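First comes the structure, then the notes that go with it.
The values are calculated or read from the model by the stated rules, or taken from the named source; none is laboratory data. Only a predicted model underlies this, so the values are computations on that prediction, with no experimental measurement involved. Here the Cβ positions follow ideal geometry from the backbone for every residue, glycine too, while neighbour counts run over all protein chains shown. Each accessible area value is taken on the protein alone, full model and side chains, heavy atoms only, with ligands, DNA and RNA left out. Shrake-Rupley method; radii C 1.70, N 1.55, O 1.52, S 1.80 Å.
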Amino acid sequence: MVLIQRVGEDDWEIVRDVRLRAVRENPGIFGASLARENRFVESHWRMRLRTSPTWIAVDDTGTGRGIVQMLQEPGSPTDDRHLISLWVAPETRRRGIGWALVDAVCKAAAADGASTVSLWVVDNNHAAGDLCVRAGFTRTGERQAFSRDDSLTEERFVRTITADDPAE
């Protein structure tokens, strides 16, 4: 059994552990490098949690099995929230955890008055693209070079927040 819970800055250690595992095991899908994030100290992790709502999927042993964050991206419309850092541990994929993490962001976005949630997916991350489409996001066709490797591109997906996304 896995519980999706919003975490605060006092939960920085579990967030750090899940995030570092995600970047270590799937370096090609994140804009951050493991070398950079390994250098972060407690104060950085706490600051991240103060500035970006974060949810962790935790199993019955207390182990983090997934993560997602939400932010209002600078330069984006004020009624859009951006979904970032979505990751689910390989041993727990295909059990609805990714779906539940995405849903947590959409509900929080609705509570925050947003009308859309958007995210960028690297073209070779087919699992994330498929999950997003199943979760009601649409491909925008908007593309940009991937921040860590300009030989790759990523596409923006967007989901309109509706009455089916009740506030948390």
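Among residues of region 33-61 that are of a type in the set (K, R), none has a Cβ under 6 angstrom from a residue that is at pLDDT below 95 and open to solvent by 80 Å² or more (accessible area, probe 1.4 Å) at a sequence gap of 6+ or on a separate chain.
Table: residues versus (1) at pLDDT 90 or above; (2) under 19 Å from W55 (Cβ atoms); (3) among the β-branched types (V, I, T).
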| position | (1), (2), (3) |
| --- | --- |
| G75 | no, no, no |
| D80 | yes, yes, no |
| I84 | yes, yes, yes |
| V88 | yes, yes, yes |
| A100 | yes, yes, no |
| A110 | yes, yes, no |
| V117 | yes, yes, yes |
| N124 | no, no, no |
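Restrict the check to region 51-61 and report whether at least one residue is hydroxyl-bearing (S, T, Y), more than 21 Å from A109 (Cβ to Cβ) and at pLDDT below 95. Yes, because at least one residue in region 51-61 is hydroxyl-bearing (S, T, Y), more than 21 Å from A109 (Cβ to Cβ) and at pLDDT below 95.
Flag: V15 matches the condition of being open to solvent by less than 40 Å² (accessible area, probe 1.4 Å), in contact with a Gly (Cβ under 9 Å, 6 or more places away or on another chain) and farther than 19 Å from V121 by Cβ.
So, in region 77-94, how many residues would count as being among the hydroxyl-bearing types (S, T, Y) and crowded, with 19+ Cβ neighbours inside 10 Å? Number of matching residues: 1. Against the conditions (1) over 24 Å from V2 (Cα atoms); (2) surrounded by fewer than 20 Cβ atoms within 10 Å (Cβ to Cβ); (3) in contact with a Lys or Arg (Cβ under 9 Å, 6 or more places away or on another chain), F157 satisfies every one except (2).
Condition test on V7, is it in contact with a Ser or Thr (Cβ under 9 Å, 6 or more places away or on another chain) and not charged (D, E, K, R)? Against the criterion (in contact with a Ser or Thr (Cβ under 9 Å, 6 or more places away or on another chain) and not charged (D, E, K, R)), V7 qualifies. When A135 is tested against (1) open to solvent by less than 70 Å² (accessible area, probe 1.4 Å); (2) touching a Leu at 6+ places or on another chain (Cβ under 8 Å), only condition (2) is not met. Among the candidates A108, A32, A100, the residue that is within 20 Å of G136 (Cβ to Cβ), under 17 Å from the mean Cα position of the chain (by Cα), open to solvent by less than 30 Å² (accessible area, probe 1.4 Å) and not hydroxyl-bearing (S, T, Y) is uniquely A108. Restricting attention to region 124-139, the residues that are closer than 17 Å to L152 by Cα and of a type in the set (S, T, Y) total 0. Regarding region 40-51, can at least one residue be identified that is surrounded by 13 or more Cβ atoms within 10 Å (Cβ to Cβ) and closer than 30 Å to T162 by Cβ? Checked region 40-51: at least one residue is surrounded by 13 or more Cβ atoms within 10 Å (Cβ to Cβ) and closer than 30 Å to T162 by Cβ.
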